[in-house]
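The values are calculated or read from the model by the stated rules, or taken from the named source; none is laboratory data. The model shown is predicted, which means the values in this text are computed figures rather than measured ones. A quick note on method: Cβ atoms are made from the backbone with ideal geometry, for glycine too, and the neighbour counts reach across all protein chains shown. Only protein heavy atoms, including side chains, enter the accessible area calculation; ligands, DNA and RNA are left aside. Shrake-Rupley method; radii C 1.70, N 1.55, O 1.52, S 1.80 Å.
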Amino acid sequence: MKLSHRAMFGATVALALSGAAMAETTITVATVNNGDMIRMQGLMDAFYAKHPDIKVDWVTLEENVLRQRVTTDVATKGGQFDVMTIGTYEAPIWGKQGWLVPLNDLPADYDVDDLLPAIRGGLTVDGNLIAAPFYGESSMVMYRTDLMEKAGLTMPEAPTWTFIKEAAAAMTDKPNEVYGICLRGKAGWGENMAFLSAMSNSFGAKWFDMDWKPQFDQKPWADTLTFYLDLMNNYGPPGASNNGFNENLSLFQQGKCGMWIDATVAASFVTNAAESTVADKVGFALAPDNGLGKRGNWLWAWNLAIPAGTQKEEAAKAFVAWATSKEYLALVAEKEGWANVPPGTRQSLYDNPEYQKVPFAKMTLESINAADPTLPAVDPVPYVGVQFVAIPEFQGLGTAVGQMFSAALAGSDTAEGALAKAQAFTTTEMTRAGYIK
């Protein structure tokens, strides 16, 4: 029996469509539940228009959980994820282990040379780019201009910790649920210890001396933790030991924080009138110092990386290239405005006259450029990293010490007790790992 031309054409189309469907590749992307990452999930139609043969499944997790899941998966070659959101701590360590796919063959229009040197340098291992930055950040002071004025104070562009304490006291109005300062208290190497490690640098503290001996029994760390606890207990919100980045962001947006010292990336969210009740009353300043030559700011980037061994490398690279491209920045600007573009990765963004109008753009770039991971402390140290120590053991060390310091903030331990526990634990672990002879 002969098929008509129309029937044959229909059968051919059906087969073609069936083949296209079969050729579709689904990649699984693990990411953090930060606002910029969630915003990207709402803009995926632009990616699908360019790559109709690729589908993206998202696994969106709280920061501490994300780190546990992706670390386990990449170390065991579990294969759960084709793209992972990782930080500047993991990237070089995992790159040296051969756990990540190099990204040296991204398209020419990706323009790798446009990446900010401080950010690109932290993602390069043996000349290979091993992760692509989605956004870069340092930390800075965000403050309520109306409350500062009401207190009769003027925030310096480069404040000291002494001024921060004075301002926190003046702005605190507990009966009206306004707290002078909000800082990270939630335990985690990337939560409270990111803040406290960076803060400790400005107090002259360090994690280790040149012989890798822990320094929690030294005065600079006692000064750091005592000052932090004093600030939080007297002028911080209740339940602060449970507050990380997202919790403090919510408090600030609700008008409950006079000051918040945290990631520069938060600036777009605290100044967004659709999300923040104080959007038109926010000022910015550099992270505080103590006159010792180091500010309490960090250097970080959330990056997209591809685990070695994925069966979907080509599709994963297509997604990474799109999500971290100039094109994506322009897309966010078009849909959400320049203030909401993922910051801190590309020089071309900071050269853009439209972006230069954003009130926090200049301060963000200055903060990123001011952080030096190779010279993080006042004194010489044997490690690289501002708010972390770039050794594989730090994830466990930072998490454990973070729990000890969070307990002190919750009132179940003293500063002295927490520091003694941190010293003993870290000494034991570093001896076991062979750093201390």
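Given the structure, is residue 169 in a helix (DSSP H, G or I) and either open to solvent by less than 10 Å² (accessible area, probe 1.4 Å) or of a type in the set (Lys, Arg) (or both)?
Criteria not met by residue 169.
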Collect the residues in region 392-437 that are within 27 Å of residue 88 (Cβ to Cβ) and without any contact (Cβ under 8 Å) to a residue 12 or more places away in the chain, keeping them in residue-number order.
-> 432, 434
So which residues in region 298-331 are touching a Leu at 6+ places or on another chain (Cβ under 7 Å) and over 27 Å from residue 390 (Cβ atoms), if there are any at all?
-> 329, 331
Considering (1) closer than 25 Å to residue 155 by Cβ; (2) out of contact with any Gly (no Cβ under 9 Å at 6 or more places or on another chain); (3) open to solvent by 40 Å² or more (accessible area, probe 1.4 Å), say which one residue 361 fails and leave the rest.
-> (3)
Is it true that residue 418 is open to solvent by less than 10 Å² (accessible area, probe 1.4 Å), farther than 30 Å from residue 28 by Cβ, not polar (S, T, N, Q) and not assigned by TED's automatic domain parsing to the domain that holds residue 82?
-> yes
For region 221-309, list the strands (runs of 3 or more DSSP E) that sit wholly inside it and hold at least 1 residues that are of a type in the set (Asp, Glu) and touching a residue at least 24 places away in the same chain (Cβ under 8 Å); which are they?
-> 257-263
Report yes if some residue within region 274-281 is closer than 18 Å to residue 180 by Cβ, open to solvent by 30 Å² or more (accessible area, probe 1.4 Å), of a type outside the set (Ser, Thr, Tyr) and touching a strand residue (DSSP E or B) at 6+ places or on another chain (Cβ under 6 Å); otherwise report no.
-> yes
Exclusive hit being open to solvent by less than 10 Å² (accessible area, probe 1.4 Å) and not acidic (Asp, Glu), set 112, 141 = 141
Residues of region 148-164 satisfying the condition of being open to solvent by less than 30 Å² (accessible area, probe 1.4 Å) and either among the aliphatic types (A, V, I, L, M) or not in a helix (DSSP H, G or I) (or both) = 148, 155, 159, 164
Restricting the search to region 114-151, which residues are within 16 Å of the chain's Cα centre (by Cα), among the charged types (D, E, K, R) and under 30 Å from residue 162 (Cα atoms)?
-> 137
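Any chance region 122-136 includes a residue that's part of a helix (DSSP H, G or I), free of Cβ contacts under 8 Å to residues at least 24 places away in the same chain and open to solvent by 60 Å² or more (accessible area, probe 1.4 Å)?
Residues of region 122-136 that are part of a helix (DSSP H, G or I), as a first pass: none.
For region 122-136, residues part of a helix (DSSP H, G or I), free of Cβ contacts under 8 Å to residues at least 24 places away in the same chain and open to solvent by 60 Å² or more (accessible area, probe 1.4 Å): absent.
Residues that are among the aliphatic types (A, V, I, L, M) and in contact with a helix residue (DSSP H, G or I) (Cβ under 8 Å, 6 or more places away or on another chain): list the helices (runs of 4 or more DSSP H) wholly contained in region 323-437 that include at least 2 such residues.
Details: elements: 326-336, 347-351, 353-356, 361-370, 394-410, 415-432.
Hits in region 323-437: 326-336, 361-370, 394-410, 415-432.
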